[in-house]
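In what follows, a structure is listed as structure tokens, so that the remarks can point back to it.
The values are calculated or read from the model by the stated rules, or taken from the named source; none is laboratory data. Everything numeric in this text was worked out from a predicted model, so none of it was measured. Heads up, the Cβs are rebuilt from the backbone with ideal geometry, glycines too, and the neighbour counts pull from every protein chain shown. Note: areas computed on protein heavy atoms with side chains; ligands, DNA, RNA excluded. Shrake-Rupley method; radii C 1.70, N 1.55, O 1.52, S 1.80 Å.
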Amino acid sequence: MLGFSYYLDHALNEDDKQYLQSMQQHNFTEIFTSLHIPEDEPSQYATRLQELLEFTSDLSLHVFVDIDKNSLKNLPRGLTGFSLRLDDGFTNQEIAQLSQDGPIALNASTLSEQDITELKDFKADFNNLEAWHNFYPRPETGLDKDWFIQKNNWLKQLGLTTQAFIPGNKTLRGPIYSGLPTLEHQRHQDLLASALELTKYGVDKIFIGDPRLDPTYQTKFNDYFAKGILDLCLKASPNFPPYLVNKVLHNRPDPAAQVVRIVESRGMNALNEQTIQPLENIPRNVGSITIDNKKYGRYMGEVQIIKTDLPMDEKVNVIGHLDQISIQLLAYISANTAFKINYKE
């Protein structure tokens, strides 16, 4: 499940509404916001939250509000249609009571075995409990990957839904503007690769921490999570066959260790009735895209994406190269994986 963040530091405007609608249209279903309210603005933040809830209810976007014990008193009475992500100040008895009323997100990173025992003693409804990790604005303070995996595995064993953040890219949140990841090594990693990595670790909900995700990445996320298609970008490559551009392609069901073998490529070339002459026989670096020439006999026309550095081969032409961002996605192409190759915008 995908989610994103919207912050209450300004009144909801038309640009915000268009963004919320666009994210919903691209398969994002939940919103994270914060009610850590400055002392002089409690009524403003409460009004902005109400406006957000009114607008998102028509979009079927569910809102989680990050809140501490001090800010809870600033929630308008009778306000509904959202869930709480509890920060500091709540006892386990209070959490257990709140869990009887609906979904509650707890701080995954600080949740301990003693907390779980006490929540059970206080009759918490574990069906309504989720475990959400923090994001970390300051560089070098994000979570260690190995610790995160261990913690997440423990939370999953308890039957808890887990959540983590990756950065945005169009607009970063101040005052540091260094991204809002849960894992430190993902601070400058490709966003889709980061999301796929979290999925590999068993994370159930992946949220964009920063205020905005640009339209290109909205499409990439929708293509993968709604359609199962990875979007790869090609550097300028004049010899790249146009019949491969913007087509849904697949890796073979018996995946090779060193290359991605495009199932459809030999058939596509056969339709063109083209004899492929030896050309651009250069070393095949990671991210290179190749086509087998006539010296490979019946393999002529097979297109591959190179996953590990390989030497020059007179039977193989290099016809293009993926960009650096797309190279990060190669690790997630396995048996039968669908993908598209497009020129970089």
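Of the residues making up the range 284-314, those that are of a type outside the set (A, V, I, L, M, F, W, C) and in contact with a helix residue (DSSP H, G or I) (Cβ under 7 Å, 6 or more places away or on another chain) are G287, D292, G301, E302, K307, E314.
Scanning the range 57-79 for residues that are open to solvent by less than 80 Å² (accessible area, probe 1.4 Å), in a loop (DSSP other than H, G, I, E, B) and either among the charged types (D, E, K, R) or modelled with pLDDT of 85 or more (or both) yields L59, L61, D68. Of the residues making up the range 185-194, those that are open to solvent by less than 30 Å² (accessible area, probe 1.4 Å) and without any contact (Cβ under 8 Å) to a residue 40 or more places away in the chain are L191, S194. Being out of contact with any Ser or Thr (no Cβ under 7 Å at 6 or more places or on another chain) and closer than 23 Å to T219 by Cα is the requirement here; does G159 meet it? Here the answer is no, as G159 does not meet what is asked. Residue pairs whose Cβ atoms lie under 6 Å apart, separated by 6 or more positions or on different chains, with the first residue in the range 202-222 and under 16 Å from K170 (Cβ atoms) and in a helix (DSSP H, G or I) and the second open to solvent by 20 Å² or more (accessible area, probe 1.4 Å) and modelled with pLDDT of 95 or more, are Q218/H26; N222/H26; N222/N27. Taken over the range 92-126, residues that are modelled with pLDDT of 95 or more and hydroxyl-bearing (S, T, Y) amount to 3.
T182 satisfies every condition listed in (1) open to solvent by 30 Å² or more (accessible area, probe 1.4 Å); (2) hydroxyl-bearing (S, T, Y); (3) within 23 Å of V65 (Cβ to Cβ) except (1). Of the conditions (1) closer than 16 Å to K235 by Cβ; (2) without any contact (Cβ under 8 Å) to a residue 60 or more places away in the chain; (3) of a type in the set (S, T, N, Q), N342 satisfies every one except a single condition; which number is it? Result: N342 fails condition (2) only. So which of P238, P242, P255 ends up being over 20 Å from N317 (Cα atoms) and either surrounded by fewer than 19 Cβ atoms within 10 Å (Cβ to Cβ) or modelled with pLDDT of 95 or more (or both)? Checking each option against the conditions leaves just P255. Residue pairs whose Cβ atoms lie under 9 Å apart, sitting 6 or more positions apart in sequence or on different chains, and linking a residue in the range 135-163 that is under 20 Å from M1 (Cβ atoms) and open to solvent by 50 Å² or more (accessible area, probe 1.4 Å) to a partner that is part of a loop (DSSP other than H, G, I, E, B) and among the charged types (D, E, K, R), are K156/D204. Scanning the range 82-102 for residues that are within 30 Å of the chain's Cα centre (by Cα), more than 17 Å from S34 (Cβ to Cβ) and open to solvent by 40 Å² or more (accessible area, probe 1.4 Å) yields L98, D101.
Total residues in the range 206-217 satisfying the condition of being within 10 Å of the chain's Cα centre (by Cα) and surrounded by 22 or more Cβ atoms within 10 Å (Cβ to Cβ): the figure is 3. Considering the range 249-345, the qualifying strands (runs of 3 or more DSSP E), each wholly inside and each with 1 or more residues that are basic (K, R) and under 22 Å from A226 (Cα atoms), run over 338-343. Any residue at all in the range 48-56 that's more than 21 Å from N134 (Cβ to Cβ), basic (K, R) and modelled with pLDDT of 90 or more? Within the range 48-56 (the criterion being more than 21 Å from N134 (Cβ to Cβ), basic (K, R) and modelled with pLDDT of 90 or more), the answer is yes, since at least one residue qualifies.
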